[in-house]
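Inspection log for the structure reproduced underneath, given as structure tokens.
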Amino acid sequence: TGGHTTEILRLLSCLSESYSPRHYIFADSDKMSEAKIRSFEQKRSETFSDSQFTLHRIPRSREVRQSWTSSVVTTLYSILYSLPLTYKLKPDLILCNGPGTCVPVCISALLLGLLGIKRAIIVYVESICRVETLSLSGKILYHFSDYFIVQWPDLKEKYPKSVYLGRIV
Amino acid sequence: FHFKDSLAEDLWRADLVISHAGAGSCLETLEKGKPLIVVTNEKLMNNHQLELAKQLHRDGHVLCCNCSTLVETLQSMDLSTLKPFPPGQPEKFALFLDKVVGFQ
């Protein structure tokens, strides 16, 4: 969604050509991200010749302030949906930054890893908006990601296993 | 106006921005080097939105007030006390990721 997409595209802005192909996964209810992504990739293709990317929509796992019980159901549904997608893509690296959409994808990747099918490196970057507390996705993925990056020193203190690189977006 | 695709044009022309504490609004304004007054309403906003506004205020990048103190703030403000907001550094992230993945 909006802010998350803007942040993640900034994170991608300095990555080399080696990070290819790029598969963007976002919520089906998201109206604006597709345009932003295409615009980013369009600009990128002006510098790098071999720009491969794909776009995928998955059901949104949770609306803002959705109740706990219904969130579990919708998240499970999103996991069932993202499992075949993740299996098909077999990513080497998953980069995510906080919308509920990323949780089912990461869980799918973890399952594929456990089953010995494909082991992805999961890198989570918490939003710059998060200065003192983690988002719900962050709280979950802090325990399941390979690298958990925060952008403010308070969070590094509270979550010692995290990585602090300063502001990166 | 309703929802424009981008406020960038308006921001470039502005001398002062008064905004709610939404992260996108704050960051976009600060990155363009415009002085910013953030108006917070603790009753309406969920706590997480306030975090960034408070931090930016602590670091001296924005002025803060609430709806009732806005006029007073506008009358007594000294914008020269605001510190410039340095841009984020995605290059650091790229360096880090290259090491993680094994591209050196």
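The values are calculated or read from the model by the stated rules, or taken from the named source; none is laboratory data. In this text the structure is predicted, and so the values were computed from the model without any measurement. Please note: Cβ atoms are built from the backbone with ideal geometry, for glycine as well, and neighbour counts cover all protein chains shown. The area values use the complete protein model at the heavy-atom level, side chains included, leaving out ligands, DNA and RNA. Shrake-Rupley method; radii C 1.70, N 1.55, O 1.52, S 1.80 Å.
Kindly indicate the residue of segment B:18-27 that is modelled with pLDDT of 85 or more and open to solvent by 20 Å² or more (accessible area, probe 1.4 Å) and also farthest from the other protein chains (Cβ to nearest Cβ) among those meeting that condition.
Filtering segment B:18-27 for residues that are modelled with pLDDT of 85 or more and open to solvent by 20 Å² or more (accessible area, probe 1.4 Å), the one farthest from the other protein chains (Cβ to nearest Cβ) comes out as B:Ile18.
Restricting to segment A:7-17, and then to whatever is facing chain B (nearest Cβ under 7 Å) and either assigned to a helix (DSSP H, G or I) or under 12 Å from the mean Cα position of the chain (by Cα) (or both), can you tell me which residue is farthest from B:Asp98 (Cα to Cα)?
Here the residue is A:Arg10.
So which residues in segment B:44-77 are touching a residue at least 12 places away in the same chain (Cβ under 8 Å), surrounded by 15 or more Cβ atoms within 10 Å (Cβ to Cβ) and assigned to a helix (DSSP H, G or I), if there are any at all?
B:Gln49, B:Leu50, B:Leu52, B:Ala53, B:Leu56, B:His57, B:Thr73
For (1) part of a helix (DSSP H, G or I); (2) within 14 Å of another protein chain (Cβ to nearest Cβ), each residue gets a yes or a no:
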site: A:Arg44; (1), (2): yes, yes
site: A:Ser51; (1), (2): no, no
site: A:Val103; (1), (2): yes, no
site: A:Gly116; (1), (2): no, no
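I need the full set of residues from segment A:140-169 which are part of a helix (DSSP H, G or I) and more than 12 Å from chain B (Cβ to nearest Cβ), in order please.
A:Ile140, A:Leu141, A:Lys156, A:Glu157, A:Lys158 - these are the residues of segment A:140-169 that are part of a helix (DSSP H, G or I) and more than 12 Å from chain B (Cβ to nearest Cβ).
Let me confirm something: among A:Leu95, A:Leu55, A:Leu112, A:Leu80, which residue is closer than 21 Å to A:Tyr24 by Cβ, touching a Lys or Arg at 6+ places or on another chain (Cβ under 6 Å) and not basic (Lys, Arg)?
Selected residue: A:Leu112, the only one of A:Leu95, A:Leu55, A:Leu112, A:Leu80 that is closer than 21 Å to A:Tyr24 by Cβ, touching a Lys or Arg at 6+ places or on another chain (Cβ under 6 Å) and not basic (Lys, Arg).
I'd like the full set of residues that are surrounded by fewer than 20 Cβ atoms within 10 Å (Cβ to Cβ) and polar (S, T, N, Q), limited to segment A:105-147.
A:Thr133, A:Ser135
With the condition kept exactly as written, say whether any residue in segment A:90-101 is among the basic types (Lys, Arg), more than 14 Å from chain B (Cβ to nearest Cβ) and either free of Cβ contacts under 8 Å to residues at least 60 places away in the same chain or open to solvent by less than 10 Å² (accessible area, probe 1.4 Å) (or both).
Looking for residues that are among the basic types (Lys, Arg), more than 14 Å from chain B (Cβ to nearest Cβ) and either free of Cβ contacts under 8 Å to residues at least 60 places away in the same chain or open to solvent by less than 10 Å² (accessible area, probe 1.4 Å) (or both), one finds at least one in segment A:90-101, hence yes.
Taking segment A:53-74 as the region of interest, how many residues are surrounded by 13 or more Cβ atoms within 10 Å (Cβ to Cβ) and not in a helix (DSSP H, G or I)?
Total meeting the criteria: 11.
Quick one: which of A:Ser20, A:Ser29 is surrounded by 12 or more Cβ atoms within 10 Å (Cβ to Cβ) and assigned to a loop (DSSP other than H, G, I, E, B)?
None of the other options fit; the residue is A:Ser20.
Every residue in segment B:78-91 that is more than 17 Å from the chain's Cα centre (by Cα) and either away from chain A (no Cβ under 14 Å) or open to solvent by 90 Å² or more (accessible area, probe 1.4 Å) (or both), please.
Passing the criteria: only B:Asp78.
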